[in-house]
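Novice: There's a structure below that I have some questions on.
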Amino acid sequence: MTATADSLSVDRRDSLARLDPVDTQLAVLRSSSDDGEVVLEVAGFGITLSGSSDEWLRPADPDKPRSRVSPTLLSGSEYGFIIPTGLSYGAYPAGEAGFFDLRSGKSFHLSSTLIGLNVEMGRRRLFRFSTGLRYTIDNYRLSDTSVTLGNEAGTVVPVALDEPADKSKLRVTSLGIPLTFSCRAARNLSVALTGYFDFTMGANAIYKRPKVKNSLAGVNAFRFGVGAAIAYHTVGVYVRYSVTPLFESHVGPELCPLSIGFCIDM
């Protein structure tokens, strides 16, 4: 497929026969007797489908071996809930303990591999190694809506609000590189083990309404986690555990997030 950045010339338009029956000036599909070309004209710009395009559109040759290496786009998505394991407030005063207790079922995890690479292994291609660039959003919904989070003198502390908010939470976004090894245990059943290497892009304390968002220092810049999943066809369940604590040492409450939910295209 070749795209021309310049508008089609008048002579070029005249030599093309219109294919589509829809009467619109925005998109026009035309054919030419020259080399069997087909031109898609959109707002005056032409995209030419030539003989090479026909080869690309033709079904794959069944006798040709399928490549073991394949790129992916928006794959390996996870949707689940967050459970704070090992939560401890350490040296916090008794009056502040409990400010990072989370609402059950309201703290969620969402992640997806934006672009990745799969490598199939073994004579029967039962094993697969996958990696890529993964985007993750973790929402920690606080039980106490009368406070938000702040950082004072290098310590994450609760900050009282003038009045209780509809919701108060910590949102952490990260970009990472997952390394996944999977095995096809049965015809449509697969199991996978993953190592997560995440780099924090942003951490914000948010409360609403109205919505107020403040950057929060103290979240670990790098976090390592491990996970496992089992899937039937392309849908399954996963569990993911962060070996690295959420907050830096002696900066915030001690906890390692655990996420459980379902996955798509593992």
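The values are calculated or read from the model by the stated rules, or taken from the named source; none is laboratory data. Keep in mind that what you see is a predicted model, and the values were worked out from it rather than measured. Cβ coordinates were reconstructed from backbone atoms using ideal geometry, including for glycine residues, and neighbour counts include every protein chain displayed. Side chains are part of the model used for accessible areas, which takes the heavy atoms of the whole protein and leaves out ligands, DNA and RNA. Shrake-Rupley method; radii C 1.70, N 1.55, O 1.52, S 1.80 Å.
Novice: Looking at segment 232-244, which of its residues are surrounded by fewer than 18 Cβ atoms within 10 Å (Cβ to Cβ) and of a type outside the set (Phe, Trp, Tyr)?
Specialist: If the condition is that a residue be surrounded by fewer than 18 Cβ atoms within 10 Å (Cβ to Cβ) and of a type outside the set (Phe, Trp, Tyr), then His233, Thr234, Val235, Val237, Val239, Val243, Thr244 are the ones that fit.
Novice: To continue, here is another question. Kindly establish whether Ser190 is among the polar types (S, T, N, Q), within 18 Å of Gly116 (Cα to Cα) and in contact with a Lys or Arg (Cβ under 9 Å, 6 or more places away or on another chain).
Specialist: no
Novice: For segment 101-209, please list each of the strands (runs of 3 or more DSSP E) lying entirely inside it that holds at least 2 residues being open to solvent by less than 50 Å² (accessible area, probe 1.4 Å) and of a type in the set (D, E, K, R).
Specialist: Because the criterion is at least 2 residues that are open to solvent by less than 50 Å² (accessible area, probe 1.4 Å) and of a type in the set (D, E, K, R), the strands (runs of 3 or more DSSP E) in segment 101-209 that meet it are 127-141, 189-208.
Novice: Please enumerate the residues belonging to segment 114-140 that are within 12 Å of Arg68 (Cα to Cα) and touching a residue at least 12 places away in the same chain (Cβ under 8 Å).
Specialist: Restricting attention to segment 114-140, the residues satisfying the condition of being within 12 Å of Arg68 (Cα to Cα) are 117-130.
Result: Leu117, Asn118, Val119, Glu120, Met121, Arg125, Leu126, Phe127, Arg128, Phe129, Ser130.
Novice: Can you tell me which residue within segment 66-91, out of those that are at pLDDT below 90 and outside any strand (DSSP E or B), is most open to solvent (accessible area, probe 1.4 Å)?
Specialist: Arg66
Novice: Among the candidates Phe262, Phe247, single out the residue that is surrounded by fewer than 16 Cβ atoms within 10 Å (Cβ to Cβ) and among the aromatic types (Phe, Trp, Tyr).
Specialist: Phe262
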